[in-house]
Amino acid sequence: MGGMQFISCLRFSMQLFIGESVFVMGWRQREGFAKRLILSAAGYFFLAALVFRIFSSIPGSSPVTQILYYGCLFFLSLGVMKSCFSVKTEDILFAGVCGYATQHIAFAAITILTQLAGISLSPVPDFIFVRLLPYGIVAGIIYVGVIRKNEGKGELKNRDMRMILLALAIIFTVVIISVMVDHPVFRESSGLLQNVFCKMYAILCSILAIFVAFYMSRENRILHENEIMETMLHNMREQQKLSRESINIINIKCHDLKYRISKISRIQDAEDQKEYIESVKGALAIYDNIFQTGNDALDLVLTEKSLLCNEYNIKLSSMVDGSILSFLHTTDVYALFGNLMDNAIESVMKEADEEKRIISLTVSRRNQGCYIHMENYCNERVEFEDDLPLTTKEDKAYHGFGVRSVKYIVEKYKGSLLMRAEQERFLVDILFYPEKS
């Protein structure tokens, strides 16, 4: 790499950091961030100088050494992000790949401009207007057009490592081509127009790399979650059958107990008779938990969950007109109210004071629409992302689908959903307009 100056190493590093900076906005910073940033930046430039010294000592000007050189600087930049931010490895690699693609878009664009216009500036203006400012402009455009536009979309925060590695392969292929094109041997044999077209190709491939890493991760995640939710709905269909069988068994036993009451008069001993009457009353009490709302699927899920509420001393109050839910598929009714009830029961069960274990459910007509309101006591701090509460379970990859399936069903029927926490209560409001479904 004879003839290369250390200033080019500094310029490339600054350009790379500018490109990566827009993709780390909003990341959770490690404790002592400012100190970590200073120390890691100092460590980066020390190692970058060492890398430069090693590669500049290699005789000749081989494209392979240049490619390895830029690759080393790229991976060193990942170390800086790892030191400063508390995020997963795939997030760091994602920011690195997209940042490198951003840097290369600016590099190719400014190369085309300077070659076609024949621009030649003195060192200071060249550094500002050619080596620095265009990279900030391109990074700003990508931030406004891609990153900011998709802020708050939780599915974008779950990266697909396969897509990131594919994007990494694309960007390094582009770098290899760019290095080959800019190599003196190739430059002499190719014309200006060919170099310009190669740079345009590099821009398109770099945009493709960002698209693959950014949007394909999102699409794959959405597909994956939809598959899981469809599986959940299928499992709920099976559970619905089992629950219906259980309720039928309860009904049979309750009706059977009515006939057994006739035997009470035949018991002669007063104490035995009293004990038998109490056992019959206890057995019949379960019948009080059977709902008749006008919707079979809703009756099923509320009966099942009310029995669970009795088990954990949870007070369930309801004012429900199930007949207005006829536009919903029975499986969707079961899944919607099953998840709402499960989340509410899980929340109030954490409360030691049993007087606060209260769940309230309302299903009624409102403005020609179907209005569903549920609230329960909740003294925990609830964090929201994309208007949905985040799961408190450690394995977040396999939990939190309950509230997302609620959103999935509401959106399926073109309804509106609002979840919020206020005054030690968690509230859910859903509004459907059946004619729009």
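The values are calculated or read from the model by the stated rules, or taken from the named source; none is laboratory data. Predicted model, so just to flag it, every value in this text is computed and none were measured. Neighbour counts run over all protein chains shown; Cβ positions are idealised from the backbone, glycine included. Only protein heavy atoms, including side chains, enter the accessible area calculation; ligands, DNA and RNA are left aside. Shrake-Rupley method; radii C 1.70, N 1.55, O 1.52, S 1.80 Å.
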Pairs with Cβ under 9 Å, 6+ apart, first in segment 108-127 and in contact (Cβ under 8 Å) with a residue 24 or more places away in the chain and within 19 Å of residue 19 (Cβ to Cβ), second hydroxyl-bearing (Ser, Thr, Tyr) and open to solvent by 60 Å² or more (accessible area, probe 1.4 Å): 108/201
Residue 353, sole failed condition from (1) under 25 Å from residue 409 (Cβ atoms); (2) among the acidic types (Asp, Glu); (3) at pLDDT 85 or above: (1)
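May I ask you to say which residue of 141, 110, 147, 137 is at pLDDT 90 or above and open to solvent by less than 30 Å² (accessible area, probe 1.4 Å)? Break it down stepwise before answering.
Numbers: 141 fails: open to solvent by less than 30 Å² (accessible area, probe 1.4 Å); 147 fails: at pLDDT 90 or above; 137 fails: open to solvent by less than 30 Å² (accessible area, probe 1.4 Å).
Just one listed residue meets the conditions, 110.
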Residue match in segment 73-84 (condition: among the charged types (D, E, K, R) and within 20 Å of residue 213 (Cα to Cα)): yes
Qualifying residue in segment 50-68 (condition: surrounded by 15 or more Cβ atoms within 10 Å (Cβ to Cβ), touching a Cys at 6+ places or on another chain (Cβ under 9 Å) and within 22 Å of residue 98 (Cβ to Cβ)): no
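Give 24, 97 a once-over and let me know the one that is closer than 22 Å to residue 137 by Cβ, in contact with a strand residue (DSSP E or B) (Cβ under 7 Å, 6 or more places away or on another chain) and of a type in the set (Val, Ile, Thr). Please lay out each step first, then the result.
On the way: 97 fails: in contact with a strand residue (DSSP E or B) (Cβ under 7 Å, 6 or more places away or on another chain).
That would be 24, the only listed residue that is closer than 22 Å to residue 137 by Cβ, in contact with a strand residue (DSSP E or B) (Cβ under 7 Å, 6 or more places away or on another chain) and of a type in the set (Val, Ile, Thr).
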Total residues in segment 347-365, condition under 29 Å from residue 326 (Cβ atoms) and exposed (fewer than 14 other Cβ atoms within 10 Å of the Cβ): 2
Identity of the residue in segment 74-89, of a type in the set (Ser, Thr, Tyr) and in contact (Cβ under 8 Å) with a residue 24 or more places away in the chain, that ends up farthest from residue 27 (Cα to Cα): 77
Residue check, residue 436 at pLDDT below 90 and touching a Lys or Arg at 6+ places or on another chain (Cβ under 8 Å): yes
The listed residue being touching a Phe, Trp or Tyr at 6+ places or on another chain (Cβ under 8 Å), among the hydroxyl-bearing types (Ser, Thr, Tyr) and open to solvent by less than 40 Å² (accessible area, probe 1.4 Å), out of 13, 40: 13
Residue among 171, 164, 210, 203 that is within 21 Å of residue 146 (Cβ to Cβ), in contact with a Leu (Cβ under 6 Å, 6 or more places away or on another chain) and modelled with pLDDT of 75 or more: 164
Residue within segment 355-367 that is more than 19 Å from residue 293 (Cα to Cα) and either part of a strand (DSSP E or B) or aromatic (Phe, Trp, Tyr) (or both) present: yes
Filtered residues of segment 338-379 (kept if free of Cβ contacts under 8 Å to residues at least 12 places away in the same chain and under 29 Å from the mean Cα position of the chain (by Cα)): 346
Residue within segment 294-313 that is free of Cβ contacts under 8 Å to residues at least 12 places away in the same chain and part of a helix (DSSP H, G or I) present: yes
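Residue-wise test of (1) in contact with a strand residue (DSSP E or B) (Cβ under 9 Å, 6 or more places away or on another chain); (2) at pLDDT 95 or above.
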{"residue": "53", "(1), (2)": "no, no"}
{"residue": "56", "(1), (2)": "no, no"}
{"residue": "60", "(1), (2)": "no, no"}
{"residue": "66", "(1), (2)": "no, no"}
{"residue": "71", "(1), (2)": "no, no"}
{"residue": "78", "(1), (2)": "no, yes"}
{"residue": "91", "(1), (2)": "yes, no"}
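Select from segment 325-340 the residues that are closer than 13 Å to residue 297 by Cβ and at pLDDT 90 or above and write down the one among them that is most open to solvent (accessible area, probe 1.4 Å). Outline the logic, then answer.
In the first step, residues of segment 325-340 are kept if they are closer than 13 Å to residue 297 by Cβ; the result is 325-338.
Cutting the leftovers down to at pLDDT 90 or above gives us 325-328, 336-337.
Details: 325: 0, 326: 96, 327: 50, 328: 12, 336: 0, 337: 0 Å².
Among those that are closer than 13 Å to residue 297 by Cβ and at pLDDT 90 or above, it is 326.
What about residue 217, is it at pLDDT below 85, open to solvent by less than 70 Å² (accessible area, probe 1.4 Å), more than 34 Å from the chain's Cα centre (by Cα) and not β-branched (Val, Ile, Thr)?
Working: at pLDDT below 85: yes; open to solvent by less than 70 Å² (accessible area, probe 1.4 Å): yes; more than 34 Å from the chain's Cα centre (by Cα): no; not β-branched (Val, Ile, Thr): yes.
Taking the combined requirement at face value, the residue does not satisfy it.
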